[in-house]
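Derivation of every value follows stated rules applied to the coordinates shown; laboratory data play no part. Everything quoted here is computed from the prediction, not taken from an experiment. Note that we place each Cβ from the backbone using ideal geometry, even for glycine, and neighbour counts take in every protein chain shown.
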Amino acid sequence: MAGTGNRTGNIRPVPESGGREYDEALLRARIRAAKRRRRRLLIAAAVILAAAAAALWLMHRYRRYDSYAVSWQKDLSEGSLVGYEPFGSGFLKYSKDGVTCLSGNGSEEWVDTYAMKNPIVSVNGSYAVIADCMGNDIRIYDSRGKTGEAASTLPLTKAAVSGIGVTAVVEEDASSSYIRFLDKDGSTIDITIRTILSGDGYPTGIALSDDGTRLMAGYASIGGGNLGGRVVFYDFSEIGKNIPTRLVGGFDAPYADSLIAEVHYLSNPYSFAASTAGLTFFSSRNLASPELIREVDETDEIRSLFYDRDHVGVILDNSAGEEKYRLELYRADGTKVFERAFDDNYLSASIEGENIFLLSSNFGMIYNTSGVLKFRGPLDFAVSAMRNGALPGEFLMAGPSNLKGVRLR
């Protein structure tokens, strides 16, 4: 009969006892093996990426260059150029006639005009102050332009700004000096520190903390016919309000026969003073009692001083070696990072991040903070200032009449 023949196409064999369990065990084993292979591949890829990153880092850290390529250039009006100061991603280009804020790509962010005989500049974060040394004009700026201005009643000699725009200036008359304070809009803050020149000494440097509540000052005095210095700390926060003079620390011994040239706050809680005898580092971890944590005595003459928030560097005569100069770099807590001797003439020194810039009129060097000489070579124009660029691997070179973005090669 039709339809009665044997048909096996749709007939499946009956699995043996335990077949389902066998299939599941085999599947689990295959999944575990796949996971192991994937894990091994991921580990191998991570090792390769780590090795590549390490190779790139080592190349970036230790590769040396002797030339550069110009990526872009902006022509600037020269005017009565006094100098450049790093600000934001670019520079403040300041002169006796005014100031221009230049971005990291050379564009003008803002301009302010004034008439100063001897402008001096202080920058702290996003704020800057420009004051007329031995004059009376004071201008305060942030990243958007001028926030305030003021006129001193007496000739001023020093100016410093905090990270919130609070500004301190030193004014002088025939017998006394006065440290006065301004808010970022130029209005007077009712705080004055008066010192008698014949007794307390002459202020040689001032610095404000980021939050504007602490002042560090260096003084020079003559006692018994000998020149000496002193570093003092004032606190205007709640901590210092119970002290009539607001003076929370004073240090004389390290400066018995030296002149203090500059004081500055570094990354919190550190600060330093530079004198003709060397460097002294302080900690304000205890705000009510700053502490001297390290002294660096220098027997050779200090030619240049430079610093940022994390490092302090000096260039000295190198009397003990064949090269003319010696570069020394210190961390904010005073520990020494490295020293290098070199023989090339230079006119200015500065530091930003991991790069140290040494410049003459048409020659430059870049050391990194590991002490590696990254670049040494001629410059194709008179460079007044140099800093890190807005893009990785880019540098900004600023001259009297132009600003260039360059890459080392």
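Length available on full extension from Ser143 to Asn226: 0.36 nm per residue minus the Cα-Cα distance, which gives 25.4 nm.
If only the Cβ of Lys and Arg carry +1 and only the Cβ of Asp and Glu carry -1, the dipole of the chain around its Cα centre is close to 3240 debye.
Between the amide H of Leu156 and those of Met134, Gly135, distances stay under 5 Å, these residues lying 5 or more places away or on another chain, with hydrogens modeled in the peptide plane. Shown in residue order for segment 100-107 are the 3J(HN,Hα) couplings computed by the Karplus curve 6.51 cos²θ - 1.76 cosθ + 1.60 at θ = phi - 60°: 10, 8, 9, 7, x, 10, x, 6 Hz (x for Gly and Pro).
The eigenvalues of the Cα gyration tensor, multiplied by 5 and square-rooted, give the chain an equivalent ellipsoid with semi-axes of 59, 28, 25 Å from largest to smallest.
Relative contact order for segment 164-297: 15 percent, from Cα pairs under 8 Å spaced at least 6 residues apart, divided by residue count. Highest mean packing comes first when the peptides 399-405, 326-332, 105-111, 66-72 are listed by Cβ atoms within 10 Å, giving 326-332, 399-405, 105-111, 66-72.
Taking 35 Å as R0, compute the FRET efficiency from the Cβ-Cβ separation of Ser77 and Ala50 and round it to 0.05. Here the calculated transfer efficiency is 0.10. In plain terms, the chain from Ser176 to Arg376 could stretch by 67.2 nm, reckoned as 0.36 nm per residue minus the Cα-Cα distance. Just to verify a number: FRET efficiency for Leu305 and Lys117, C-beta to C-beta distance, R0 = 30 Å, to 0.05? Efficiency, rounded to the nearest 0.05: 0.75.
When shorter helices are ignored and each DSSP H run of at least 4 residues is given -39500 (n - 2.57), the per-residue value for the chain at 222 nm works out to -4000 deg cm²/dmol.
Centroid-to-centroid, using Cα positions, segment 110-135 and segment 240-283 are 25 Å apart. The length gained by stretching the chain between Glu322 and Thr153 to full extension, at 0.36 nm per residue less their Cα-Cα distance, is 55.7 nm. Overall shape of segment 167-291 was characterised from the C-alpha gyration tensor. The equivalent ellipsoid obtained from it has semi-axes of 22, 19, 13 Å, in decreasing order. Applied to segment 209-215, the Karplus parametrisation 6.51 cos²θ - 1.76 cosθ + 1.60 on θ = phi - 60° returns per-residue 3J(HN,Hα) values of 5, 4, 8, x, 8, 10, 10 Hz, with x for Gly and Pro. Taking all Cα-Cα distances within segment 96-252, those exceeding 27 Å account for 26%.
Based on C-alpha pairs under 8 angstrom that are at least 6 apart in sequence, the chain has a relative contact order of 11 percent. Taking θ as phi - 60° and the Karplus parameters 6.51, -1.76 and 1.60, the scalar couplings of segment 361-378 work out to 4, 9, 8, x, 9, 10, 9, 9, 6, 8, x, 7, 7, 7, 9, 8, x, x Hz in sequence order, x denoting glycine and proline. Assuming R0 = 22 Å, can you tell me the calculated FRET efficiency for the pair Ala256 and Ser289, based on Cβ-Cβ distance, to the nearest 0.05? Working from the Cβ atoms, E equals 0.50.
Pick out, from Gly145, Gly278, Tyr325, the residue whose Cα sits farthest towards the positive end of the charge dipole of segment 80-348, with +1 on the Cβ of Lys and Arg and -1 on the Cβ of Asp and Glu. Sorting the options by dipole projection puts first Gly145.
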